[in-house]
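Undergrad: Would you mind keeping the following structure in view while I ask a few things?
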Amino acid sequence: MKKELISTIYLKDGFSVKSPDDFSVKEDALEKAIKLNDCGADRLIVFDLSSEDDEHEINLLKLREISSKIDLEILGGGNIKRLEDVKKLLYAGCDKVIMNASKPDFEDKLEEASKRFGKENIFISTKDNTLFGKDFVKENAAGFLLLDENLAKDGMISNDGSFSYIVAVPENNVDEIAKILSGADVFGVTSDFLSNPDFDFNGLKIALKAKGLDTDTFDAKLQWSDLKTNSDGLIPCVVQDIKTDEVLMLAYMNEESFNKTLETGLMTYWSRSRQELWTKGMTSGHIQYVKSLTADCDFDTILAKVNQVGAACHTGAHSCFFNEIAKKEVKNKNPLEIFEDVYGVIMDRKEHPKEGSYTNYLFDKGLDKILKKVGEECTELVIAAKNPEPQEIIYEESDLLYHVMVLMAEKGVTWNDITRELAKR
């Protein structure tokens with residue numbers, strides 16, 4: 001089982017606060033989540049600390065924004081008063097929901113949530129062991145968030161595969177963390193120090209791996225000696241944005257920068273002009289978080305796919321490649337790019353109405369008209385599918401997808417939201 005370092009964000013009024021009891025410092029929750037996503041956290045817990053419905057909705061909107069921008073699996077909890085709140089957390093982008101065992105009517109709510117959304121999507125947070133071994137828990141939950149590390153010691157938890165456990169640890173003690181994670185069914189630890197984006201996640205993972213635990217580090221299948229350097233002992237590295245596939249820059253690596261990149265998870269190069277190592281973004285803040293390194297067929301060039309913070313180019317441009325030499329117009333056939341382009345035009349019509357635009361006509365008529373058109377196009381697609389000519393299906397499905405995108409724009413749903421949900425299935 002892969003062992004995880006799990007970060008936690010506490011939401012108060014849409015901001016990240018230090019703890020459930022300390023609201024003195026408020027941070028941008030989205031910015032913090034993105035940094036945690038990039039710097040090495042394996043999963044994210046988000047607790048909604050609201051007490052009133054209005055604030056609850058604010059926090060759910062922030063949670064939805066976070067889920068649309070990061071790759072990490074999210075466990076959401078807090079302010080679950082009714083089954084509807086579990087649904088709202090899942091619809092906001094949470095992969096699983098954490099239910100607090102200390103809340104009134106917990107057992108009834110747990111059973112109800114399990115039946116409606118599946119036990120595999122339910123975790124239980126607890127500070128004691130009174131629920132361990134109970135049949136109704138086994139039937140209605142997939143795991144525990146243990147808020148007391150002592151619950152994971154001395155054989156108190158099962159290690160028979162019936163549950164998964166996340167354990168809250170008080171401090172960064174490698175030996176103690178390794179001991180807790182050595183439990184067969186304990187897959188992760190969380191703590192305040194793991195909620196700091198400046199924490200050295202990769203360093204702790206390497207230390208845990210040295211103790212025999214399986215952690216998500218950059219384990220190189222190729223060593224520097226497997227690669228072919230140029231006459232200066234360097235290898236060119238082409239850098240690509242993992243989200244957009246845009247080529248960002250070209251730089252060079254030597255053995256030291258190669259190993260430093262693997263060790264830290266931050267793109268590090270050899271500066272030929274300054275004759276020194278440089279980690280991208282250490283002065284500008286435009287860090288490149290490594291997602292993959294791949295050698296070409298001749299083993300003399302590296303392709304790095306990264307999450308780019310800010311601009312890759314020293315000019316302030318996102319990519320260094322912007323001086324057009326020659327260009328031939330071609331039709332874009334990348335499906336997702338086409339969807340994004342069409343959706344972008346629809347959003348532009350919504351924000352900047354254009355006289356005579358059919359899209360603006362739909363927005364002006366409102367939701368009921370949009371829904372009516374979606375229904376009509378669904379029917380026409382069904383009729384087309386009964387005919388032998390597949391071209392009719394292509395035409396009608398294109399009409400349906402366009403009207404669905406108008407509906408998405410009207411309701412604030414993006415293709416990123418849709419593809420993220422599809423990826424779960």
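The values are calculated or read from the model by the stated rules, or taken from the named source; none is laboratory data. All values reported here derive from a predicted model rather than from experimental measurement. Please note: Cβ atoms are built from the backbone with ideal geometry, for glycine as well, and neighbour counts cover all protein chains shown. We work out accessible area using only protein heavy atoms, side chains counted, and drop any ligands, DNA or RNA first. Shrake-Rupley method; radii C 1.70, N 1.55, O 1.52, S 1.80 Å.
Undergrad: Mind putting a number on the dipole of the chain about its Cα centre? Charges go on the C-beta only, +1 for Lys and Arg and -1 for Asp and Glu, and I need it in Debye to the nearest 20.
TA: 300 debye
Undergrad: Next question. Per the helix-only calculation at 222 nm, which mean residue ellipticity applies to the chain, given -39500 (n - 2.57) for every DSSP H run of n ≥ 4 and division by its residues, nearest 500 deg cm²/dmol? Walk me through the intermediate numbers first.
TA: Working: 13 runs with 159 residues, N = 425.
Taking each H run of at least 4 residues, the total per residue is -11500 deg cm²/dmol.
Undergrad: Quote to one decimal, in nm, the extra length available between residue 82 and residue 398 on full extension: 0.36 nm per residue of separation minus the C-alpha distance between them. Spell out each step's value before the answer.
TA: Details: separation 316, 0.36 × 316 = 113.76 nm, distance 3.98 nm.
Taking 0.36 nm per residue and subtracting the Cα distance, the gain is 109.8 nm.
Undergrad: Return the FRET efficiency for the residue pair residue 213, residue 245: r is the Cβ-Cβ distance, R0 is 41 Å, and the value is rounded to the nearest 0.05. Please list the in-between numbers first.
TA: Numbers: r = 34 Å, r/R0 = 0.83.
Once rounded, the FRET efficiency stands at 0.75.
Undergrad: Counting only protein heavy atoms and using a 1.4 Å probe, what share of the accessible area of the range 9-88 belongs to carbon plus sulfur, as a whole percent?
TA: Working: 1700 of 3480 Å².
C and S fraction of accessible area: 49 percent.
Undergrad: HN-Hα J couplings of the range 215-221 from phi, Karplus 6.51/-1.76/1.60, θ = phi - 60°, integer Hz, Gly and Pro as x?
TA: 10, 8, 10, 7, 8, 6, 7
Undergrad: So how do 380-387, 30-37 stack up, highest first, on mean other-Cβ count within 10 Å? Working shown, then result.
TA: Numbers: 380-387: 13.1, 30-37: 19.8.
Top of the packing list down: 30-37, 380-387.
Undergrad: Mean Kyte-Doolittle hydropathy of -0.5 or higher plus an axial Cα length of 18 Å or more: which whole DSSP H helices in the chain meet both? Present the calculation step by step, with values, prior to reporting the outcome.
TA: On the way: long enough: 53-69 (24 Å, -1.04); 335-351 (24 Å, -0.19); 367-385 (27 Å, 0.43); 390-411 (31 Å, 0.06).
Membrane-span-like by this criterion, though nothing is claimed about a membrane: 335-351, 367-385, 390-411.
Undergrad: Separate question: Excluding residue 41 itself, calculate the net charge of residues whose Cβ lies under 11 Å from the Cβ of residue 41, where each Lys or Arg counts +1 and each Asp or Glu counts -1.
TA: Working: positive: 32, 35, 43, 205; negative: 4, 38, 42, 71, 73, 216.
It works out to a net charge of -2.
Undergrad: Any chance you could look up the accessible area of residue 349 with a 1.4 Å probe, heavy atoms only, rounded to 10 Å²?
TA: Per-residue accessible area (residue 349): approximately 60 Å².
Undergrad: Residue 274 accessible area, nearest 10 Å², 1.4 Å probe?
TA: For residue 274, solvent-accessible area is about 130 Å².
Undergrad: Using R₀ = 45 Å, calculate the FRET efficiency as 1/(1 + (r/R₀)^6) where r is the Cβ-Cβ separation of residue 386 and residue 171; round to 0.05. Working shown, then result.
TA: On the way: r = 66 Å, r/R0 = 1.47.
The calculated FRET efficiency here is 0.10.
Undergrad: Enumerate the residues in the range 333-371 having an amide nitrogen under 16 Å from the point lying 7 Å beyond the Cα of residue 379 toward its Cβ.
TA: It comes to 369-371, nothing else.
Undergrad: Please report, for the Cα atoms of the chain, the Rg to one decimal and the Dmax as a whole number; what are they, in angstrom?
TA: Looking at the chain, its Cα Rg and Dmax stand at 25.1, 73 Å.
Undergrad: Subtract the Cα-Cα distance of residue 274 and residue 28 from 0.36 nm times their separation in residues, and report this length gain in nm to one decimal.
TA: Details: separation 246, 0.36 × 246 = 88.56 nm, distance 3.64 nm.
Computed gain between residue 274 and residue 28 is 84.9 nm.
Undergrad: If packing is taken as the average count of other Cβ atoms within 10 Å, what order do 184-191, 409-416 fall into, highest mean first? Before the final figure, lay out each step's value.
TA: Details: 184-191: 20.5, 409-416: 14.6.
So the peptides 184-191, 409-416, ranked by packing, come out 184-191, 409-416.
Undergrad: For the range 1-137, with every protein chain kept in place, what is the accessible area per residue (1.4 Å probe, Å²)?
TA: On the way: 6240 Å² over 137 residues.
Per residue, the range 1-137 has an accessible area of 46 Å².
Undergrad: Using the structure shown, list the pairs from 153/424; 243/372; 127/153; 205/305; 2/138 with a Cα-Cα distance above 25 Å, or answer none. List each step's numbers first, then the result.
TA: Values: 153/424 33 Å; 243/372 35 Å; 127/153 13 Å; 205/305 21 Å; 2/138 23 Å.
From the list (153/424; 243/372; 127/153; 205/305; 2/138), the Cα-Cα distance tops 25 Å for 153/424; 243/372.
Undergrad: Still on this structure, I have one more. If the chain between residue 317 and residue 333 were fully stretched, how many nm would it gain, using 0.36 nm times the residue separation less the Cα-Cα distance?
TA: On the way: separation 16, 0.36 × 16 = 5.76 nm, distance 2.60 nm.
Length difference between fully extended and current span is 3.2 nm.
Undergrad: Calculate the FRET efficiency for residue 61 and residue 231 from the Cβ-Cβ distance with a Förster distance of 60 Å, rounded to the nearest 0.05.
TA: Details: r = 56 Å, r/R0 = 0.94.
According to the calculation, E is roughly 0.60.
Undergrad: Let me ask another. Show me the ranking of peptides 99-105, 318-324 by mean Cβ neighbours inside 10 Å, starting with the highest.
TA: Values: 99-105: 14.4, 318-324: 12.1.
The densest-packed peptide leads the list: 99-105, 318-324.
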